[in-house]
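**Q** Have a look at the structure that comes next, please.
The values are calculated or read from the model by the stated rules, or taken from the named source; none is laboratory data. This structure is a prediction, so every number in the text was calculated from the model and none was measured. Note that each Cβ is placed from the backbone with ideal geometry, even for glycine, and that neighbours are counted across all protein chains shown. Surface accessibility is based on the protein's heavy atoms, side chains included, excluding ligands, DNA and RNA. Shrake-Rupley method; radii C 1.70, N 1.55, O 1.52, S 1.80 Å.
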Amino acid sequence: MDRKNRHLCALLCFFFIVVASSSQTAGAFKSTSAFVENVIYSNKIAIFSKSYCPYSIRAKNVFSRLSEEPYIVELDLRDDGSEMQDVLLDLVGRRTVPQVFVHGKHIGGSDDTLEALANGKLQQLLDKS
């Protein structure tokens, strides 16, 4: 094979590697996105959290005091946690934790959850069973 054909072959190989890896990444993102949406819409309360985060702990404690059992996804304990934060960014405009959902409705973070508790909106949402 002459030099020109080797160069062309190398470029084609590079192209196929890039295309294959990007489609695998897109597939993983779709799968992660489907998981996140399933968690949000299949559970009365869903919290995307990090186990060590004081704000996440505070939000989880709100539901503990209300004797509610949220479905909790500890992003720092999952290999795809960072991807889930990217999905949350696309869904709600925030990548931070915690992100709290009640009956599929986005409440927000820890401060938002405490505010919803104080003004009665959280209880109204929880009562919508």
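**Q** Mind counting the residues in the stretch 47-75 that are among the acidic types (Asp, Glu) and within 9 Å of Val97 (Cα to Cα)?
**A** Of the residues in the stretch 47-75, 0 are among the acidic types (Asp, Glu) and within 9 Å of Val97 (Cα to Cα).
**Q** Let me ask another. Here are Asp2, Asp79, Asp86: which of them is farther than 16 Å from Ser110 by Cβ, open to solvent by 70 Å² or more (accessible area, probe 1.4 Å) and modelled with pLDDT of 95 or more? Let's see the steps before the verdict.
**A** Details: Asp2 fails: modelled with pLDDT of 95 or more; Asp86 fails: open to solvent by 70 Å² or more (accessible area, probe 1.4 Å).
The match here is Asp79.
**Q** Tell me which residues, restricted to the stretch 49-68, are in contact with a helix residue (DSSP H, G or I) (Cβ under 7 Å, 6 or more places away or on another chain), open to solvent by 40 Å² or more (accessible area, probe 1.4 Å) and in a helix (DSSP H, G or I).
**A** Tyr55, Arg58
**Q** Filter the stretch 30-48 down to the residues that are surrounded by 18 or more Cβ atoms within 10 Å (Cβ to Cβ), aliphatic (A, V, I, L, M) and out of contact with any strand residue (DSSP E or B) (no Cβ under 7 Å at 6 or more places or on another chain) and list them by number.
**A** Val36
**Q** With the condition kept exactly as written, say whether any residue in the stretch 98-107 is among the small types (Gly, Ala, Ser) and either more than 12 Å from the chain's Cα centre (by Cα) or at negative phi (or both).
**A** There is at least one residue in the stretch 98-107 that is among the small types (Gly, Ala, Ser) and either more than 12 Å from the chain's Cα centre (by Cα) or at negative phi (or both).
**Q** Of all residues in the stretch 69-112, how many are of a type in the set (A, V, I, L, M), part of a helix (DSSP H, G or I) and within 14 Å of Ser33 (Cβ to Cβ)?
**A** Residues that pass the stated criteria total 6.
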